[in-house]
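The structure under discussion appears below in the form of structure tokens.
The values are calculated or read from the model by the stated rules, or taken from the named source; none is laboratory data. On a predicted model such as this, the values are computed, not experimentally measured, just so you know. Here the Cβ is made from the backbone with ideal geometry for all residues, glycine too, and neighbour counts use every protein chain on show.
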Amino acid sequence: MKFFLSLFMCLVLAGCASTPHTPRADIVMPRSILVLPPTNDSVEVDAPSIFLSTVSKPLAERGYYVFPVDVVARLMRDNGMHTAAQMHQVPLDLLQQHTGAEAVLYVNIRQWGQKYQVVSSQTVVKADMKLVLSDTGATIWTGKARASHDSAGNHNSLAEALIGAVVTQISGALYDKTYDLSREAIERSLDTLYEGPLLKEAQYLKGSL
Amino acid sequence: MGFQWLKRQQWVGTVVSVAIGSVLLGTMTGCVTTTGGLYYWGEYENVLHTQFTKPGKMTARQQVEILERDIVKAAQREQKIAPGVYAQLGLALAELGQRDGAKAAFDREIMLYPESAILLKGMMQRGDEAMKQQGALQ
């Protein structure tokens with residue numbers, strides 16, 4: 001009976017993914033977040049795009065309006081900015097003027113993709129994030145999105161590990177393992193971000209409040 | 001005595017299995033899941049991912065088809081369509097030259113998410129100005 005009770009507790013804790021923390025009454029979180037295309041220090045050219053495709057959902061589900069990332073990218077290009085570095089230089093008041101964003105998320109990709117290490121192939125994603133209020137320029141949150149997956153698992157021999165590493169390295173290139181890792185990394189890093197103002201509103205409309 | 005003990009064991013076993021089953025079901029549906037979340041996301045993330053990394057594999061026409069289907073599904077499930085879906089649909093429709101449809105989609109995003117008004121109204125305005133310029137040149 002004790003076994004099932006502890007199993008029950010594990011299931012309950014595991015089933016409920018990160019529940020957002022409600023900020024203190026004197027802290028007002030921004031309603032909307034503008035996620036700019038990330039700058040990229042990795043060797044994976046597509047890293048910023050993959051990150052962008054997985055950032056909207058976790059942020060929005062936490063109670064923030066996330067501006068449609070493709071529209072934002074086009075807005076930047078329409079205004080003559082073609083690199084993320086250029087986009088990150090745009091003054092906050094100008095961003096606010098053109099989008100109405102209450103906050104901007106600046107992202108830098110540190111590492112992204114397969115790391116071949118002979119006996120294992122590791123898929124790693126690392127991105128640093130900074131949330132800045134448009135009004136004041138104050139940084140209200142920073143986060144490190146980190147996740148990795150190792151091919152070295154249950155190998156019985158060195159030969160198996162070697163082959164496994166090569167197979168993973170090749171298949172990693174064909175099938176994007178970083179897509180799922182990106183979600184995982186972002187989701188985990190948002191643990192420390194307060195819930196947004198839209199959360200209670202949306203829950204109320206859903207009828208769950 | 002032995003027979004009674006056996007029956008109780010079976011009963012306990014059934015109760016425990018039912019309890020575990022309902023706990024599993026409860027934890028899977030009760031917490032933040034695809035249906036338990038605030039919005040219906042459908043294929044939005046996949047659309048973005050494919051469009052960004054393999055543009056040839058996600059044409060504007062395909063985007064329209066997929067996103068419109070998701071919008072219908074959200075309505076069927078009585079869930080609010082996720083932020084950005086209507087806006088992305090608008091972009092795809094604009095690409096196909098369906099300006100009225102694009103405007104309607106953008107307007108819908110604004111209605112559902114008023115936070116998007118400044119960005120999307122600006123996009124529509126720039127689209128109109130570009131059209132006027134093209135018209136003037138002709």
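Structure above, values below:
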quantity: Tabulated pairs, region A:187-203, first under 10 Å from A:Y64 (Cβ atoms), second part of a loop (DSSP other than H, G, I, E, B) and aromatic (F, W, Y), C-beta under 7 angstrom, 6+ apart or interchain; calculated: A:G196/A:Y64; A:L198/A:Y64
quantity: Residue satisfying all of: in region A:53-66; closer than 14 Å to A:V107 by Cβ and of a type outside the set (A, V, I, L, M); farthest from the other protein chains (Cβ to nearest Cβ) among these; calculated: A:P58
quantity: Any hit, region B:9-32, residues being modelled with pLDDT under 95, of a type outside the set (G, A, S), buried (at least 16 other Cβ atoms within 10 Å of the Cβ) and farther than 25 Å from A:S53 by Cα; calculated: yes
quantity: Verdict on B:E68 being at the interface with chain A (Cβ under 8 Å from one of its Cβ atoms) and at pLDDT 95 or above; calculated: no
quantity: Scope region A:108-166; condition surrounded by 14 or more Cβ atoms within 10 Å (Cβ to Cβ), among the hydroxyl-bearing types (S, T, Y) and outside any strand (DSSP E or B); matching residues; calculated: A:S120, A:S134, A:S151
quantity: Within region A:123-153, tally of residues that are of a type outside the set (S, T, Y) and either in contact with a His (Cβ under 7 Å, 6 or more places away or on another chain) or at positive phi (or both); calculated: 1
quantity: Residue in region A:112-133 that is out of contact with any Phe, Trp or Tyr (no Cβ under 6 Å at 6 or more places or on another chain) and facing chain B (nearest Cβ under 9 Å) present; calculated: no
quantity: Which numbered condition A:L34 misses (of (1) over 24 Å from A:L193 (Cα atoms); (2) part of a strand (DSSP E or B)); calculated: (1)
quantity: Members of region A:5-28 that are within 13 Å of chain B (Cβ to nearest Cβ) and either at pLDDT 95 or above or in contact with a strand residue (DSSP E or B) (Cβ under 8 Å, 6 or more places away or on another chain) (or both); calculated: A:P20
quantity: Verdict on B:Y40 being at the interface with another protein chain (Cβ under 8 Å from one of its Cβ atoms), among the hydroxyl-bearing types (S, T, Y), within 21 Å of A:L52 (Cβ to Cβ) and touching a helix residue (DSSP H, G or I) at 6+ places or on another chain (Cβ under 9 Å); calculated: no
quantity: Tabulated pairs, region A:37-52, first within 11 Å of B:T53 (Cβ to Cβ) and facing another protein chain (nearest Cβ under 9 Å), second in a loop (DSSP other than H, G, I, E, B) and modelled with pLDDT under 95, C-beta under 7 angstrom, 6+ apart or interchain; calculated: A:I50/A:D176
